[in-house]
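Right, one structure below, let's go through it.
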Amino acid sequence: MHHDISPLCAADIQDQLQKRFAYLSGGRGQDGSPVITFPDYPAFGDVPDKEFQNVMTYLTSIPSLQDAGIGFILVIDRRQDKWTSVKASILRIAASFPANLQLVLVLRPTGFFQRTLSDLAFRFNRDDFKMKVPVIMLSSVPELHSYIDKSQLTEDLGGTLDYCHSRWLCHRTAIESFALLVKQTAQMLQAFGTELAETELPNDVQSTSSVLRAHTEKKDRAKEDMRLALDEGRSVLESIREPLARGPEQSPNQDQLDSQSTVQRLLAQLSETEAAFDEFWAKHQRKLEQCLQLRHFEQDFREVKAALDVLAQKIATFTDVGNSLAHVQHLLKDLASFEEKSSAVTQRARTLALEGERLIELKHYAVDSIRPKCHELRQLCDQFAADVGRRRGLLGRALDLHGLLEASMKWCDEGIYLLASQPVDKCQAQDGAEAALQEVEKFLETRAENKIQELSKIYQDYEPILTRDLLEHVQKVFRKQESVEEMFHRRQASLKKLAAKQTRPVQPVAPRPEAPAKSPCPSPGIRRGSEIHSSEGSVLRRGPYRRARSEVSEGRQGRGRSTGDEESLAVLRRHVMNELLDTERVYVEELLCILEGYAAEMDNPLMTHLISTGLQNKKDVLFGNMEEIYHFHNRIFLRELENYIDCPELVGRCFLERMEQFQVYEKYCQNKPRSESLWRQCSDCPFFQECQKKLDHKLSLDSYLLKPVQRITKYQLLLKEMLKYSKSCEGAEDLQEALSSILGILKAVNDSMHLIAITGYEGNLSDLGKLLMQGSFSVWTDHKKGHTKVKDLARFKPMQRHLFLHEKAVLFCKKREENGEGYEKAPSYSFKQSLNMTAVGITENVKGDAKKFEIWYNAREEVYIVQAPTPEIKAAWVSEIRKVLTSQLQACREASQHRALEQSHSLPLPAPAGTSPSKGNTKDVRKLEERKTDPLTLEGYVGPAPLPRPPEKGRGWSKTSNPPEAPEDNDGWSSAEEPVNSSDAEEEGRAGLRKLVPGKYTVTGLDEKGGPDALVLRSGDEVELVQEGDEGLWFVRNVSSGGEGWLPARNLSALLGQRGAPGCLSSPESSAGSALLSASSSCSESCAAALADLQG
């Protein structure tokens, strides 16, 4: 009976095998037939057919095919059973046994009756069993021994075979489990090997590393599974051998031997599989590792090649051969520094080439890809080294040439100085002439070592480095050298004549060049000095080289001393110019060094791991606009400075032309506190230490971040020095203006540093206009609407306030304590109050203190008494405020005039009153056009001119004076409630004219004789004062209709509750400027619409 069924395992039918109604003891018949024993099992008939079939199938599958082919011997033990049971068992076995049978031995029942019955029944029912093999009925166990040896039978059948059914079942389960594990392991390794073989090699380092890491992890897991399988197999083998180890006298049966053989075969198979896998993995791992090496090599090659290309591009840009000896030395130093920085790249390239050759020696699979790259790396390194060497050679020759040129220039300058310094009067005597002659001859002896011998030889020797500018410089030095020699020969000839004994004195003749000295050039584009050999008469273009005027002007003997002084000043000017240029070049190089060595490195991926978290994306904060400053100086300012080498006294023009671009320093200085704060937080970052090490800087980065601040302050010192030696030169005015502009920039920078420290201001500070001044003051307040106690307290307790004067407002701030270090020590300012300049007036002098002045607001509703640290500071602030208010007044007047002209009934404004009191009452009304021709003159006040004497009463807003010092009264207060000083009116004799203050008035007693400019108004109309005229006339605006014109003061009556402020208009304590500006405040109030139109 053969069925296509899957093999059964002991674990599948373990509960059925445990019933032990049949078992395979391991015994064999005489011909090696396996013996299956059916022990006495009363419930044999109750065993289901399926279970019986499974057990029989499994037991017959255990012996080898060879043994199973002989046939099985069945031993059926029914000694304790009945014949009916025996018959049923035989019939069931005959119907369901799945393998070949050789013999069936039945131990029949031992009872007399059952034994007799079985003999008879078996004899008559033999054919019912339908079995092709003999069935032998045995009456006793000894009869069984005649068929099967006792050693092949278990003890219950009288044999000696050691058999334990539970142990046998455990062994069978373990063996089959191990076999299944071996099979699964082999399948797993086969699938893994297929996956490895089909894996494509990645094209980058990261992917290759990931694949290698993933495959290694899978290999480790597979190896671990194989190790566990081997351990399990050895454990099964040991459990099979254990019973034999306990009883050496017992020999193993055939089934035990077969089990051992099976386990050993599985272990060997597993070991072979592991060995084959290890060999395959070693090849695969080596290939992956070589692939990873190749990817690393390719990545490094790309990085190194890019770096070498950058170096090649940079060395290609090094074309400058220098314009002076110091410049060439600086270029050589830069080249050495560049070569040192580049050594890391070239060394890495050569190391990478060696690494590639090592891979080739190790028989890498990608030899054809590695070898060309190694060759290319070596070629690039050699080419770079050759370029650097060639560059060094050119600079070396340039150094020699510039050394020769500067030596010649120095010799010429010394010669000129010698000739200029020889006293003319002493040379008239024979002894003096001989001494001067010896000096000249001794100096001429030094020319051999300092002289350019032949131009043709210079052209031949230095042809590779002779640029157009350098060639011109060589030619000019040679011409200068010849000119100086000629002057010395002339002086020598003159001195020889004087040294000879003469019967009469001989006047020495001052030497002169062939061409007369030219006047200073009007611009840096025209060369200054004499051109001796200029057949075309054209002026050579100035090259960027350090030179000096070497020619001595032709003159008489009496001009010798002045010529020497001028030459001395010229030498000093050249010295200052050289210092300016040298320090400028160093400054530019330092900026470039910081930008390349620090700022650019922050974007270098290779340095990212060194940058701390707090420093990431903070390059703009740390360096500010340093790059913008560098480009301005490198591309523009330095090049233009070099154009003034020959005429240093004109260098002020260079500063003036570029003054607007110096504003970049204001932005840098405003960012400096943030930069300083960030530096203190991250100064110990490894990134800075690594960059400083690469640059070989002794100072840390913060010292170099201070360079722009130091440089902008250095210019004013150099300009002062240049101005000191150029007072009689053409460019002195430009130098003075450049110095003032630089100082203005420094002030603006300083002011802006304070301005950015203001906190609490809700608006936009830029809307307030330009910051004009700032400073700290003591401030008292006197608000008319305040309580008496507050006013009294304010008189004695000043507030410390920091004032910021803008074009459109003045801010009052409280200065906070200074904290932190460095730039963080700069104070902060807490905003307290803002006054709009359109409603501000000032009183220049306050009784009792020359350092005090008043700032009042809204027609003295709010009064601030301000005390400056010194009278000079007070004067500066008053002057600046006066300028602001004057400009507002002028804007108001122009707006009023414009509106007056548009209305047919309006009259022209009167002419401004004179500044002299004696002329105040005699001037007539001027035409409007005449007023417009002098916009700088307002009511007789012009800028910083001396203030006039006290005005006549009723003369207007601009005719008051500023006494040297106001008398002390009322604890230094200038009260707005003080009455008009009556003594002034008596002295002037003009008590008949009323004094009005700005504000609103009512028209009273109007007649129609107000003149041709009078308004047609009715009594009771409300008007505003705009302008005071002559003869008691006032220019007013009708509040209702908006019309403007002139009215006599007698027809104006103050509104109920209208305050006067005579102390601010005509008081002796007020100056002309204060009265004018007080009026401008009120005028701006009344002309708010016009001013808004102008501002719009």
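The values are calculated or read from the model by the stated rules, or taken from the named source; none is laboratory data. The structure presented is a predicted model; accordingly, all values stated were derived computationally and were not measured. Glycine gets a Cβ as well: all are built from the backbone with ideal geometry, and neighbour counts include every protein chain shown. Side chains included, ligands, DNA and RNA excluded: accessible areas come from the protein's heavy atoms. Shrake-Rupley method; radii C 1.70, N 1.55, O 1.52, S 1.80 Å.
In order along the range 717-733, the Karplus-derived 3J(HN,Hα) couplings, from 6.51 cos²θ - 1.76 cosθ + 1.60 at θ = phi - 60°, round to 5, 5, 5, 4, 5, 5, 5, 4, 9, 10, 5, 9, 9, 5, x, 4, 5 Hz, and Gly and Pro are given as x. Projecting the Cα atoms of Phe623, Leu581, Pro605 onto the dipole axis of the range 565-625, where Lys and Arg carry +1 and Asp and Glu carry -1 at the beta carbon, places Pro605 farthest toward the positive end. A cut-off of 5 Å between modelled amide H atoms, ignoring neighbours fewer than 5 places along the same chain, links His783 with Val863.
Ranking Met659, Met626 by solvent-accessible area of protein heavy atoms (1.4 Å probe, all protein chains present), from largest to smallest, gives Met659, Met626.
Using heavy atoms of the protein chains and a probe of 1.4 Å, the accessible area assigned to Asp382 is about 90 Å². Under 5 Å between amide hydrogens, built in the peptide plane, is the criterion, and for Ser25 it picks out Thr37 among residues at least 5 positions away or on other chains.
Could you tell me which of the pairs Lys457/Lys480; Lys410/Lys720; Lys815/Lys883; Lys618/Lys672 are separated by over 21 angstrom between their Cα atoms in the structure shown?
Details: Lys457/Lys480 18 Å; Lys410/Lys720 26 Å; Lys815/Lys883 27 Å; Lys618/Lys672 13 Å.
Pairs exceeding 21 Å: Lys410/Lys720; Lys815/Lys883.
Seen from all sides and averaged, what is the projected area of the convex hull of the Cα atoms in the range 594-750, in nm²? Mind dumping the intermediate values first?
Numbers: hull surface 40.7 nm².
For the range 594-750, averaging the hull's shadow over all directions gives 10.2 nm².
Our note on the geometry: Cα centres of the range 280-332 and the range 427-494, 51 Å apart. Percent of Cα pairs in the range 11-115 per distance bin of 10 Å, from zero to the largest separation: 14, 48, 31, 6, 0.
Translational diffusion coefficient of the range 263-336 at 4 °C, 1.567 mPa s, Stokes-Einstein with Kirkwood Rh over Cα pairs, in µm²/s as a whole number.
On the way: Rh = 17.9 Å.
Result for D is 72 µm²/s.
Take His284: with every protein chain present and a 1.4 Å probe, its accessible area is about 20 Å².
In the context of the full set of protein chains, residues of the range 695-745 present 49 Å² of accessible surface per residue (probe radius 1.4 Å, heavy atoms only). Sorted largest first, the spans of the alpha carbon positions of the range 281-413 along the three principal axes are 85, 17, 17 Å. In the context of the full protein assembly, Lys305 retains an accessible surface of approximately 60 Å², using a probe radius of 1.4 Å and ignoring ligands and nucleic acids. With θ taken as phi - 60° and the Karplus curve 6.51 cos²θ - 1.76 cosθ + 1.60 applied, the whole-hertz 3J(HN,Hα) list for the range 159-176 is x, 10, 6, 7, 9, 10, 5, 5, 5, 4, 5, 5, 4, 4, 5, 5, 5, 5 Hz, x standing for glycine and proline. What the range 592-639 shows is 50 Å² of accessible area per residue, with the surface traced by a 1.4 Å probe over protein heavy atoms. Could you work out how far the C-alpha centroid of the range 379-394 sits from that of the range 644-704, in angstrom? Answer, in whole Å: 33. Near the amide H of Val846, within less than 5 Å, lie the amide hydrogens of Lys852, all on another chain or at least 5 residues away, with H placed in the peptide plane.
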